[in-house]
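Worksheet: the structure to be examined is printed underneath.
The values are calculated or read from the model by the stated rules, or taken from the named source; none is laboratory data. Because the structure is predicted, anything quoted here is derived from the model rather than measured. For neighbour counting, all protein chains shown are included, and Cβ atoms are generated from backbone atoms with ideal geometry for every residue, glycine included.
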């Protein structure tokens, strides 16, 4: 009983100290880069630590990109744009999941999200062509019209330099096959997208 009283006596002091410490820690960093993400945040990193971060801003401006030169502990933020690839605000589903892939050196960046019409969509940046999406990117996956199950939050992406027939793989839940995972696969030899569902287990 005495032990319980002791715990009850020191607990408020401990919580006050802990909360006060956290509040003090927060005030130690007055200069922060503001980020107001609606949902998922996706990031890619290259070998030197350079990082690109993607998210949907709450203000509905499209897909935002943040560039850092290295991990937060040692790097600098050197870009923060609210409209990566020229994605129109009306083209992004509120609360969309986000996935991203890159090649080393950021020679190719691809960002995936869902449109308001539940279409699997893409914005890309390449060394040769710069940033583009929508009508300015006829080879983007967006124009394939792959329908996503409404309300789905499942989305992933992978990229390979050694398998041109499956250069990019984007996984999602397709409206055509809602009970499994579908991958949209980009063949870099033909620059065409195709769909494949998860194979059955043998």
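Counting only residues that are surrounded by 16 or more Cβ atoms within 10 Å (Cβ to Cβ) and under 20 Å from residue 182 (Cβ atoms), the stretch 109-129 holds 11 of them. When residue 117 is tested against the conditions (1) more than 13 Å from the chain's Cα centre (by Cα); (2) in a loop (DSSP other than H, G, I, E, B); (3) under 23 Å from residue 158 (Cα atoms); (4) modelled with pLDDT of 95 or more, the lone failure is (3). Surrounded by fewer than 20 Cβ atoms within 10 Å (Cβ to Cβ), under 26 Å from residue 82 (Cβ atoms) and touching a residue at least 40 places away in the same chain (Cβ under 8 Å) - does that describe any residue in the stretch 160-171? Within the stretch 160-171, not a single residue is surrounded by fewer than 20 Cβ atoms within 10 Å (Cβ to Cβ), under 26 Å from residue 82 (Cβ atoms) and touching a residue at least 40 places away in the same chain (Cβ under 8 Å). Among the residues that make up the stretch 48-66, is at least one of them outside any helix (DSSP H, G or I), farther than 18 Å from residue 83 by Cβ, touching a strand residue (DSSP E or B) at 6+ places or on another chain (Cβ under 8 Å) and at pLDDT 50 or above? Yes; the residues of the stretch 48-66 include at least one that is outside any helix (DSSP H, G or I), farther than 18 Å from residue 83 by Cβ, touching a strand residue (DSSP E or B) at 6+ places or on another chain (Cβ under 8 Å) and at pLDDT 50 or above.
As a summary of the residue check, residue 85 satisfies the conditions (1) under 17 Å from the mean Cα position of the chain (by Cα); (2) part of a loop (DSSP other than H, G, I, E, B); (3) under 18 Å from residue 60 (Cα atoms) except for the one numbered (2). Selection of the stretch 41-69 for residues being farther than 14 Å from residue 101 by Cα and surrounded by 20 or more Cβ atoms within 10 Å (Cβ to Cβ) yields 56, 62, 63, 64, 68. Any residue in the stretch 71-94 that is touching a helix residue (DSSP H, G or I) at 6+ places or on another chain (Cβ under 8 Å) and surrounded by fewer than 12 Cβ atoms within 10 Å (Cβ to Cβ)? Scanning the stretch 71-94 turns up no residue that is touching a helix residue (DSSP H, G or I) at 6+ places or on another chain (Cβ under 8 Å) and surrounded by fewer than 12 Cβ atoms within 10 Å (Cβ to Cβ).
Please specify each residue of the stretch 130-146 satisfying the condition of being loosely packed, with under 15 Cβ neighbours inside 10 Å and either under 14 Å from residue 193 (Cα atoms) or in contact with a helix residue (DSSP H, G or I) (Cβ under 7 Å, 6 or more places away or on another chain) (or both). Spell out how you get there, then give the answer.
Quick first cut of the stretch 130-146, residues loosely packed, with under 15 Cβ neighbours inside 10 Å only: 130, 135-136, 138, 145.
Within the stretch 130-146, 136, 138, 145 meet the criteria.
Take the residues of the stretch 172-202 that are touching a residue at least 40 places away in the same chain (Cβ under 8 Å) and in a strand (DSSP E or B): which is surrounded by the most Cβ atoms within 10 Å (Cβ to Cβ)? Across the stretch 172-202, the extreme among qualifying residues is 172.
Restricting the search to the stretch 95-108, which residues are surrounded by 18 or more Cβ atoms within 10 Å (Cβ to Cβ) and under 22 Å from residue 60 (Cβ atoms)? It would help to see each step written out before you state the result.
Narrowing the stretch 95-108 to residues surrounded by 18 or more Cβ atoms within 10 Å (Cβ to Cβ): 96-102, 108.
Hits for the stretch 95-108 are 96, 97, 98, 99, 100.
Here residue 78 passes the criteria (1) in contact (Cβ under 8 Å) with a residue 12 or more places away in the chain; (2) more than 15 Å from the chain's Cα centre (by Cα); (3) in a strand (DSSP E or B) except the one numbered (1).
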